[in-house]
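Accompanying notes for the structure given below.
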Amino acid sequence: MRHLLAVLEVIFDTILPLRARSARTKARTADEIPLCPTVHELLQARITTLMDYRQNEVQDLIRSLKYDGSRHAAQLAAQLLAGYLREEISSHRSFSQRKVLIVPVPLHSARARERGFNQIELVLQSLPQEFRDGTLSTLMPGALVRIRATEPQTRLHRSVRLSNVAGAFAVFEPDFVNKKHVFLIDDVTTTGATLVNAATPLRRAGAEVTLLALARA
């Protein structure tokens, strides 16, 4: 399946001109994307971001992923994310027996239909198999659902972002996440409001949650 997608991407690239940002991203390797893991807090929740959105290479990567659905951007982001997750999961396993789940922040069904994909799911599906099949962790894209459509956070003032996404998420099946360690992952965070609100129902269902985003804007 992945081979077929790669072939189709090559065909489409020859028919349709790549957007400039995607063309630049496609010419880059993971080593050329600057990493600067940073931790900030919101409502006593720790949020780790791996990259700074103000860096041109990072901005190209995220926009290619979010707006163009670039498979190459997803693969680059997955390589960068895998390096970080490998260390974090290893550290977690040294003191806890909880199984590890990888969960993307979901889009509302209407937004997903409009866009045609969830950009962070593309990244997580590109992680090495051991992060998806239960060897190191299990990928569970349906564990969390978005039950209420919200305004895009980028359009809103920081002071109203928390209320905009309050109550917008629910756990699909609490038994799936109970007594598990969930790495909840988004593409970009600014205040952290989306991640903090998305984590609330997971914690209420009995999960330990680590909040992570590819970049901070």
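The values are calculated or read from the model by the stated rules, or taken from the named source; none is laboratory data. Quantities reported herein were computed from a predicted structural model and do not represent experimental measurements. Here Cβ is always computed from backbone atoms with ideal geometry, including for glycine, and neighbour counts include all displayed protein chains.
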Quick check on the range 102-123. Is at least one of its residues of a type in the set (Gly, Ala, Ser), under 17 Å from ILE185 (Cβ atoms) and in contact (Cβ under 8 Å) with a residue 24 or more places away in the chain? no
Specify the residue that is nearest to GLN97 (Cα to Cα); the eligible residues are those in the range 182-209 that are at pLDDT 95 or above, of a type outside the set (Val, Ile, Thr) and touching a helix residue (DSSP H, G or I) at 6+ places or on another chain (Cβ under 6 Å). ALA207
In the range 41-116, which helices (runs of 4 or more DSSP H) lie fully inside it and hold 1 or more residues that are over 18 Å from the mean Cα position of the chain (by Cα), loosely packed, with under 15 Cβ neighbours inside 10 Å and of a type in the set (S, T, N, Q)? 56-68, 71-93
Do you know which residues across the range 117-150 are in a loop (DSSP other than H, G, I, E, B) and either modelled with pLDDT of 95 or more or in contact with a Pro (Cβ under 7 Å, 6 or more places away or on another chain) (or both)? ASN118, SER126, LEU127, PRO128, ARG132, GLY134, THR135, LEU136, SER137, MET140, PRO141, ALA143
Any chance LEU184 is outside any strand (DSSP E or B) and crowded, with 21+ Cβ neighbours inside 10 Å: no
Conditions first: (1) at pLDDT below 95; (2) in a loop (DSSP other than H, G, I, E, B); (3) of a type outside the set (Ser, Thr, Tyr); (4) in contact with an Asp or Glu (Cβ under 8 Å, 6 or more places away or on another chain). PRO34 passes all but one, so which condition is the exception? (1)
Take the residues in the range 163-212 that are of a type outside the set (Lys, Arg) and in contact with a Gly (Cβ under 6 Å, 6 or more places away or on another chain); name whichever of them is nearest to GLU41 (Cα to Cα). ASN178
May I ask you to list pairs of residues, at least six apart or on different chains, whose Cβ atoms are under 6 Å apart, with the first in the range 176-196 being farther than 24 Å from LEU136 by Cα and the second being part of a loop (DSSP other than H, G, I, E, B) and aliphatic (A, V, I, L, M)? VAL188/ALA217; THR190/ALA217; VAL196/LEU43
List every residue pair whose Cβ atoms lie under 9 Å apart, where the two residues are 6 or more positions apart in sequence or sit on different chains, the first residue falls within the range 16-29 and is within 14 Å of ALA74 (Cα to Cα) and assigned to a loop (DSSP other than H, G, I, E, B), and the second residue, located anywhere, is among the acidic types (Asp, Glu) and at pLDDT 95 or above. ARG28/GLU57; ARG28/ASP60
Can you name every residue in the range 119-144 that is buried (at least 19 other Cβ atoms within 10 Å of the Cβ) and polar (S, T, N, Q)? GLN119, SER126, SER137
